[in-house]
1. Sort through Asp115, Asp107 and tell me the only one that's touching a residue at least 60 places away in the same chain (Cβ under 8 Å) and farther than 14 Å from Leu139 by Cα.
2. The conditions are (1) more than 25 Å from Asp70 (Cα to Cα); (2) of a type in the set (S, T, N, Q); (3) more than 14 Å from the ligand (Cβ to nearest atom), and Thr124 fails exactly one of them. Which is it?
3. Within the bounds of the stretch 162-181, is there any residue that is open to solvent by less than 50 Å² (accessible area, probe 1.4 Å) and among the small types (Gly, Ala, Ser)?
4. Anything in the stretch 47-100 that is hydroxyl-bearing (Ser, Thr, Tyr) and either surrounded by fewer than 22 Cβ atoms within 10 Å (Cβ to Cβ) or not assigned by TED's automatic domain parsing to the domain that holds Leu132 (or both)? List them, or say none.
5. Looking at the structure I just gave you, is Arg238 more than 16 Å from the ligand (Cβ to nearest atom) and either open to solvent by 30 Å² or more (accessible area, probe 1.4 Å) or under 26 Å from Phe27 (Cβ atoms) (or both)?
6. Scan the stretch 226-269 for residues that are touching a His at 6+ places or on another chain (Cβ under 7 Å) and polar (S, T, N, Q) and jot them down.
7. Check every one of the helices (runs of 4 or more DSSP H) wholly within the stretch 185-269 and list those with 3 or more residues that are under 27 Å from His20 (Cα atoms), at pLDDT 95 or above and among the small types (Gly, Ala, Ser).
8. Among the residues of the stretch 135-148, is there at least one that is open to solvent by less than 70 Å² (accessible area, probe 1.4 Å), outside the structural domain of Ala56 (by TED's automatic domain parsing) and polar (S, T, N, Q)?
Amino acid sequence: MERNNTVTRLQRELPFYRPHCNETVLFEHAYHNRLPVLIKGPTGCGKSRFVQHMAARLGRPLYTVACHDDLTAADLVGRHLIGERGTYWSDGPLTRAVREGAICYLDEVVEARKDTTVVLHPLTDDRRILPLERTGEELQAPPEFMLVVSYNPGYQNLLKGMKPSTRQRFVALSFDFPDAAREIEVVIGESGAERALAETLVNLAGALRALKDHDLEEAASTRLVVYAANLIRSGLDRREACIAALAEPLTDDRETLAALTEVIDAVLG
Ligand code: ADP
């Protein structure tokens, strides 16, 4: 099953990424030391964009796998398929990344089935091997191969947290929403919005994130702030755009929605 997998071939243009602090340098050091990287942080705070940016910067293709609770080791490694001429082996994205010396990014890795750790462990210690049990092959990862995983510590339940024996194989980086000045740059860079609009939206996101009394599972992400800016830039009414991008996606509860809308009205004036 390969739903949600994407492959980014070498990109000539660097995807826009506004660093939070020193993460680009740290990532480069990890890459050159052949160390796997774990990125922790809330949804929509720039983890995937960071990995895309770094892959382009290091000149490596990128295999991204959006992990989900049905994802098995075979989905990563590969499986035998039946074709017109009988069965044949088909590499999964992890195997392709190892063969090509690419970067493999497993987004929300803790969602995946537990059998995936069996293939990740030998790849994330100094052996750097990927055993393909079904074909009897054992691939040695080339120096250019890198494994990057991410997860959102905020909404994972305790059972789903990453096992210490797995986490301790990674160099880890914590991400959060950028501070206001950086988030304004991100909104301008991503949407082409004027500074004044970007400032208003980032203020609004800050006010929405501060709303603690309500039962919000997740805070308004930078991704949603960019959506709001895009909607407004294309001519949608500000209030409507903010409700659609920064309130409705966060809750189904009418009362919470009313509270978010109140904040939107207060900030937009
Ligand atoms: P995550 O992987 O953490 O869920 P993404 O990397 O997909 O989030 O980020 C969501 C969107 O937010 C991106 O598509 C981009 O528009 C924007 N974004 C967030 N942080 C940054 C950043 N530091 N630099 C550039 N764009 C960013």
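1. Result: Asp107 is the single residue among Asp115, Asp107 that is touching a residue at least 60 places away in the same chain (Cβ under 8 Å) and farther than 14 Å from Leu139 by Cα.
2. Looking at each condition in turn, Thr124 falls short on (1).
3. no
4. Within the stretch 47-100, Ser48, Thr64, Thr72, Thr87, Tyr88, Ser90 qualify.
5. When the stated conditions are applied, Arg238 passes them.
6. Correct list: Thr256 only.
7. Of the helices (runs of 4 or more DSSP H) lying wholly inside the stretch 185-269, those with at least 3 residues that are under 27 Å from His20 (Cα atoms), at pLDDT 95 or above and among the small types (Gly, Ala, Ser) span 195-209.
8. There is no residue in the stretch 135-148 that is open to solvent by less than 70 Å² (accessible area, probe 1.4 Å), outside the structural domain of Ala56 (by TED's automatic domain parsing) and polar (S, T, N, Q).
The values are calculated or read from the model by the stated rules, or taken from the named source; none is laboratory data. The shown structure was predicted, so the numbers you read here are calculated from the model rather than taken from an experiment. Every residue, glycine among them, receives a Cβ derived from its backbone with ideal geometry; neighbour counts consider all protein chains shown. Accessible surface areas use protein heavy atoms only, side chains included; no ligands, DNA or RNA. Shrake-Rupley method; radii C 1.70, N 1.55, O 1.52, S 1.80 Å.
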